[in-house]
């Protein structure tokens, strides 16, 4: 994971349409497609049009479930970034964790379908963000009612998970258990999860737990690996059951 993080946050760097003509965004999309595609992890990477003509695509990979009509679990993050160093690192942590999770469960046999979606716009203050989110919502609405939608945010800083949702009965909150903490819904204000929830979708904000004690000497890479491991376990808990 450390190598992937360094690749995305360091080598590719800023992924923003205002920086270098958006070349970082294009490189990030190619990196995600390459690492998860048939030659590596083995997924068929689907590409859907983003909001801009000739711009970066919405990327999606599916893990089929044994009960294809079961409500799917959606997992989503944005692969763009702010332009500052801290923002680049935080945005990269979500994408790298999601890539690692998709790799980890590639051989699993879930009961319900799993949908991993990478959005090209989520951190910019432009019309592109709202248009991208509208296209994602349409994608979700075209299938069976979602089981839950995990919206990834910053996963740096601690090994624990923190979830927040406007619906206390969301299955992800019940499945969290010892993996982390449920935060007040206000902690999700201004996030993709909050906007999806306000549109009637079962969305949950998922970030690193800011209150979890950090082991002495733990590196950022180790903490990200720990939080990602817990994230994978949460996915596996949500793969089965009602």
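The values are calculated or read from the model by the stated rules, or taken from the named source; none is laboratory data. Model, not experiment: these values are computed from the prediction. Because the Cβ atoms are built from the backbone with ideal geometry, glycine has one as well, and the counts that use them run over all protein chains shown.
Could you tell me which of the residues 34, 50, 42, 22 is farther than 19 Å from residue 116 by Cβ and either in a strand (DSSP E or B) or over 16 Å from the mean Cα position of the chain (by Cα) (or both)?
Details: 34 fails: farther than 19 Å from residue 116 by Cβ; 50 fails: farther than 19 Å from residue 116 by Cβ; 42 fails: farther than 19 Å from residue 116 by Cβ.
It is 22.
Looking only at residues that are surrounded by fewer than 18 Cβ atoms within 10 Å (Cβ to Cβ) and out of contact with any strand residue (DSSP E or B) (no Cβ under 7 Å at 6 or more places or on another chain) in the range 45-64, which one is nearest to residue 13 (Cα to Cα)?
Ranking the candidates gives 55 first.
This table checks each residue for (1) under 22 Å from residue 23 (Cα atoms); (2) in contact with a strand residue (DSSP E or B) (Cβ under 8 Å, 6 or more places away or on another chain).
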site: 66; (1), (2): no, no
site: 132; (1), (2): yes, yes
site: 139; (1), (2): no, yes
site: 157; (1), (2): no, yes
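Look through 214, 232 and report the one residue that is in a loop (DSSP other than H, G, I, E, B) and under 25 Å from residue 3 (Cβ atoms). Outline the logic, then answer.
Values: 232 fails: in a loop (DSSP other than H, G, I, E, B).
Every option except 214 fails the conditions.
Quick one: count up the residues across the range 98-114 that are surrounded by fewer than 22 Cβ atoms within 10 Å (Cβ to Cβ) and either in contact with a strand residue (DSSP E or B) (Cβ under 6 Å, 6 or more places away or on another chain) or assigned to a loop (DSSP other than H, G, I, E, B) (or both). Step through it out loud before you land on a result.
Going residue by residue through the range 98-114, those that are surrounded by fewer than 22 Cβ atoms within 10 Å (Cβ to Cβ) are 100, 103-111.
Checking the rest, the ones that are also either in contact with a strand residue (DSSP E or B) (Cβ under 6 Å, 6 or more places away or on another chain) or assigned to a loop (DSSP other than H, G, I, E, B) (or both) come to 105-111.
Result for the range 98-114: 7.
Could you please tell me which pairs satisfy a Cβ distance under 6 Å, a separation of 6+ or placement on different chains, a first residue in the range 116-132 that is in contact (Cβ under 8 Å) with a residue 60 or more places away in the chain, and a second residue that is surrounded by fewer than 19 Cβ atoms within 10 Å (Cβ to Cβ) and not in a loop (DSSP other than H, G, I, E, B)?
Once the first residue is in contact (Cβ under 8 Å) with a residue 60 or more places away in the chain and sits in the range 116-132, no partner that is surrounded by fewer than 19 Cβ atoms within 10 Å (Cβ to Cβ) and not in a loop (DSSP other than H, G, I, E, B) comes close enough.
Yes/no per residue for (1) under 30 Å from residue 52 (Cβ atoms); (2) buried (at least 17 other Cβ atoms within 10 Å of the Cβ); (3) under 16 Å from the mean Cα position of the chain (by Cα):
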site: 126; (1), (2), (3): yes, no, no
site: 133; (1), (2), (3): yes, yes, yes
site: 138; (1), (2), (3): yes, no, no
site: 142; (1), (2), (3): yes, no, no
site: 156; (1), (2), (3): yes, yes, yes
site: 165; (1), (2), (3): no, yes, yes
site: 171; (1), (2), (3): no, yes, no
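Tell me yes or no: at least one residue of the range 2-24 is at pLDDT 95 or above, buried (at least 21 other Cβ atoms within 10 Å of the Cβ), in contact with a strand residue (DSSP E or B) (Cβ under 7 Å, 6 or more places away or on another chain) and under 15 Å from residue 99 (Cβ atoms).
The answer is no, given that none of the residues of the range 2-24 is at pLDDT 95 or above, buried (at least 21 other Cβ atoms within 10 Å of the Cβ), in contact with a strand residue (DSSP E or B) (Cβ under 7 Å, 6 or more places away or on another chain) and under 15 Å from residue 99 (Cβ atoms).
Filter the range 81-97 down to the residues that are in a helix (DSSP H, G or I) and without any contact (Cβ under 8 Å) to a residue 60 or more places away in the chain, then identify the one that is surrounded by the most Cβ atoms within 10 Å (Cβ to Cβ). Let's see the steps before the verdict.
First pass over the range 81-97, keeping only residues in a helix (DSSP H, G or I): 85-97.
With the extra rule that they be without any contact (Cβ under 8 Å) to a residue 60 or more places away in the chain, the set shrinks to 85-87.
On the way: 85: 11, 86: 10, 87: 15.
Within the range 81-97, the match that is surrounded by the most Cβ atoms within 10 Å (Cβ to Cβ) is 87.
Out of curiosity, is residue 78 surrounded by 22 or more Cβ atoms within 10 Å (Cβ to Cβ) and out of contact with any helix residue (DSSP H, G or I) (no Cβ under 9 Å at 6 or more places or on another chain)? Walk me through how you get there before you give the answer.
Numbers: surrounded by 22 or more Cβ atoms within 10 Å (Cβ to Cβ): yes; out of contact with any helix residue (DSSP H, G or I) (no Cβ under 9 Å at 6 or more places or on another chain): no.
Answer is no for this residue.
Farther than 12 Å from residue 120 by Cα and more than 18 Å from the chain's Cα centre (by Cα): which single residue out of 89, 70, 94 fits that description? Give the steps one after another, and end with the answer.
Numbers: 89 fails: more than 18 Å from the chain's Cα centre (by Cα); 94 fails: more than 18 Å from the chain's Cα centre (by Cα).
Just a single option satisfies the conditions, and that option is 70.
Going through the range 56-74 one residue at a time, which ones are within 24 Å of residue 193 (Cβ to Cβ) and in a loop (DSSP other than H, G, I, E, B)? Spell out how you get there, then give the answer.
Going through the range 56-74, the residues within 24 Å of residue 193 (Cβ to Cβ) turn out to be 56-63, 65, 70-74.
Those that are within 24 Å of residue 193 (Cβ to Cβ) and in a loop (DSSP other than H, G, I, E, B): 56, 57, 65, 70, 71, 72.
Being under 21 Å from residue 97 (Cβ atoms), surrounded by 15 or more Cβ atoms within 10 Å (Cβ to Cβ) and out of contact with any helix residue (DSSP H, G or I) (no Cβ under 6 Å at 6 or more places or on another chain) is the filter here; which residues of the range 25-34 pass it? Before you say what the answer is, go through the steps one by one.
First, the residues of the range 25-34 that are under 21 Å from residue 97 (Cβ atoms): 25, 27-34.
Filter once more, keeping what is surrounded by 15 or more Cβ atoms within 10 Å (Cβ to Cβ): 25, 27-29, 31-33.
Matches in the range 25-34: 25, 29, 31, 32, 33.
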